[in-house]
Amino acid sequence: METMTGAELMVRLLERQGITHLAGIPGGAILPFYDALAQRGTIQHILARHEQGAGFIAQGMARVTGQAAVCVASSGPGATNLLTAIADAHLDSIPLVAITGQVPLAMVGTDAFQEVDVYGMSIPITKHNFLVRSAAELLEVIPQAFRLAQSGRPGPVLVDVPKDVQNQKISFEHWPEPGVREPGPEISLPAIEQAAALINEAERPVLYLGGGVVASGAAPLAVALAEQASMPTVMTLMGLGAMPVDHPLSLGMLGMHGARYANFAVQESDLLVVVGARLDDRAVGKASAFAPNAKIVHIDIDRAEFGKIKTPYLAVHADVKAALAALLPRVRPQMRKRWLAHVAALKARYPLAMPGRDDVRQHYGLIAAVAEALDDSAVVVTDVGQHQMWAAQAYPLRRPRQWLTSGGLGTMGFGLPAAIGAALAEPQRTVVLFTGDGSIKMNIQELATLAELQANVKIVLMDNRSLGLVYQQQNLFYGKRVIASRYGHGVDFVTVALGFGVPAFDLDGVADPKAALTEALTTPGPVFIRCPIDAEAFVYPMVPPGAANTEMIEA
Amino acid sequence: MIEQVAEPLPTSGFEKTVLELEVNNHPGVMSHIVGLFARRAFNVEGILCMPLPDGTVSRIWLLVFADQRLEQLIKQLEKLVDVRSVRQHGADHEVFVQAERFFR
Ligand SMILES: Cc1ncc(C[n+]2csc(CCOP(=O)(O)OP(=O)(O)O)c2C)c(N)n1
Ligand SMILES: [Mg+2]
């Protein structure tokens, strides 16, 4: 017979889930849990400086490992501060367990101090959520939270625990089994056979890889399928890394800021094999004009994605890893010389222009120089803006889980805490963050967390003194009426970073910027590198609002 | 950031249909379900809900328009953890026909 408080039970159930780190900020309603953390001494608590930071630190851990990670906040403002990071995890299908303290059950509904209905608020942005009503329920809820977060299409789960439930004593006989990922749905062999036949018969097939390929660990199988069937391959923003960009069959990213040849190949395809992707509007453009001549084979673990944006010719409901494994032996090896030659011609005719690629003082050159200084073991994190799109276009991503970016929600402020989480979960790797001067300010307080942890995070700040992506759109689509996208007042970022305790320098004043960059990137520990970027540099090519992917504009 | 552009959805001329849901009976289930409809901009014309005799399961009857998004909505409903099953009936199902006399 085991007897303990609800709070201790929570900690012990987390231990049993294999949790070694969690990120959070304490407050009144979650203090019993923190006290249990202190007494057990088994889990390292990362004290974030803002709950959104804690949420993204946990996301960083989850994105590099694929395992559910945990963030913690107190009731009221602590809980509301977590919400953006939870919504971000929801849109990018990241397994996250968020634990919030709540006012005592008897006070719920009385507008008590720091009471908010975080259960109600988080319904639309979680896979599932719980308001725990007794310590005994924790025995079921905590393992179930992990099971749900990691099973099927992964996502965030919120567990709201009133303070009196944390203090309640409970006795029980048996520990519950930890919650683990459930096996995927049973595969329909006829569907797999039909998919194989469609691939075998197609003349101009294209493989379309999304974040689900990364999530299910299916990247090697996807590459094998592409090679066996000689299928040119495009990736979504979330799918980058699934196939090395310099693989002969890779066309890189498709969509709004993808290469023109990638969008043209999709346009001309007669079969589009969409794997682990939801056909997001940034990837697809005007849906009715997307891949007009293609039969779509849609393979996904979430049935609700079939027909949401495009009606598939064939839907295969499966874990994509299992589906690809079943598909491979049924797909006939082919050379497809004509189609590949045509795609090569598209590539030659519409190359992805990267002006200034050899100049470390320009955006593409900076990204290329960073990549040159690092190897494929590095993790690449971004914030949101032009710098994110340039990195997506120019960084030679070569392995799944190498690339961490806020895709679906596009959350400025994602980068720094996510990079910290990645570095904590995989301390053997170098983590490089490409951020913007707008984004970094949205969670800049986490520089203090970074300084404290001395994690191996290299911050490359691309400072154009503007909300560049907004500035670009006002220039291109709003008659150059620039409002609220240029910063009138510049920030001395180097001084700020130094003030937080992170070594920092300005690439601007350095005699040999490439050498300085390489040295900073290869010296262990945190560093902050401020790099001036021309505010008039825009992201090209670009699909304008409402246009089809084939109507891209160039510089 | 740029406005998303989509063809406007046709909004009239759809048949009504009745959905029958079996859900776990605990506080919060109703918010999950009605929240899903609101979030996906799908109108619910009528709703009835009662626990089944053993108390652990509730049955929810929904009267909705069978527009082109209904199939998508049903799939989303089926993803909710507390939804055990979803069945679709014709609009003439007697549950709302009988309830009508309370709405005069
Ligand atoms: C939290 C949040 N607020 C607003 C936006 C809208 N937005 C998208 S990109 C962008 C500008 C980002 O500026 P910066 O981080 O400096 O990157 P840059 O585009 O200049 O490289 C803005 C405001 C957003 N994506 N996220
Ligand atoms: Mg900027």
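The length gained on full extension between A:Asp375 and A:Gln445, counted as 0.36 nm times the residue separation minus their Cα-Cα distance, comes to 22.3 nm. Counting charges near A:Val108 (Lys, Arg +1; Asp, Glu -1) among other residues having Cβ under 9 Å from its Cβ returns a value of -2. Close lysine pairs were tallied over chain A: pairs 8 or more places apart or on different chains with Cα atoms under 19 Å apart number 9. Calculated mean residue ellipticity at 222 nm for the protein assembly as shown: -10500 deg cm²/dmol, from DSSP H runs with n ≥ 4 weighted as -39500 (n - 2.57), summed, divided by the residue count and rounded to 500.
Could you size up the charge dipole of the stretch A:189-349 around its Cα centre, putting +1 on the beta carbon of Lys and Arg and -1 on that of Asp and Glu, and report it in debye to the nearest 20?
On the way: 17 positive and 13 negative charges, 79 e Å.
Rounded to the nearest 20 debye, it is 380 debye.
By the compact-protein rule of thumb, 2.2 N^0.38 Å, the alpha-carbon radius of gyration of the stretch A:189-349 corresponds to a ratio of 0.91. Would you mind calculating the relative contact order of the stretch A:2-172 from Cα pairs under 8 angstrom and at least 6 residues apart, reporting the percent as a whole number? Normalised by residue count, the contact order of the stretch A:2-172 is 29 percent. Between amide H atoms placed 1.01 Å from N, distances below 5 Å from A:Arg204 occur with A:Asp270, A:Leu271, all of them 5 or more places distant or on a separate chain.
For chain A, relative contact order (Cα pairs under 8 Å, six or more residues apart, normalised by length) works out to 14 percent.
Need one number: the % of Cα-Cα pairs in the stretch A:1-112 sitting beyond the 23 Å mark. All intermediate terms of the calculation are to be shown ahead of the outcome.
On the way: 1704 of 6216 pairs.
Tail fraction, whole percent: 27.
Apply the Debye scattering formula to the protein assembly as shown, with a single equal point scatterer on each alpha-carbon and no solvent, then give log10 I(q)/I(0) at q = 0.06 Å⁻¹. Once normalised to I(0) and log-transformed, intensities are -0.35. When only alpha carbons are used to place a centre, the stretch B:25-50 and the stretch A:102-127 end up 19 Å from one another.
Couplings 3J(HN,Hα) of the stretch A:100-110, computed from phi: 10, x, 9, 4, x, 3, 5, 9, 4, x, 9 Hz, in residue order, whole Hz [Karplus 6.51 cos²θ - 1.76 cosθ + 1.60, θ = phi - 60°; x for Gly and Pro]. Within chain A, the whole DSSP H helices whose Cα atoms reach 20 Å or more along their own axis and whose mean Kyte-Doolittle score is at least 0.5 are A:77-91, A:135-150. The H on the amide N of A:Trp403, modeled in the peptide plane, is under 5 Å from the matching H of A:Val380, each at least 5 residues off or on a different chain.
Before anything else, pin down the relative contact order of the stretch B:16-103: Cα pairs under 8 Å, at least 6 apart, normalised by residue count, whole percent. Working shown, then result.
Numbers: 129 pairs, mean separation 38.2, N = 88.
Answer for the stretch B:16-103 is 43 percent.
Here the protein assembly as shown carries DSSP beta bridges of which approximately 35% are antiparallel, counting only pairs with both residues inside.
Every number here is computed from the coordinates shown, using simple stated rules; none is lab data. All of these numbers come straight from a predicted model, not from anything done at the bench. Positions of Cβ are generated from backbone atoms using ideal geometry, with glycine treated the same way; all protein chains shown enter the neighbour counts.
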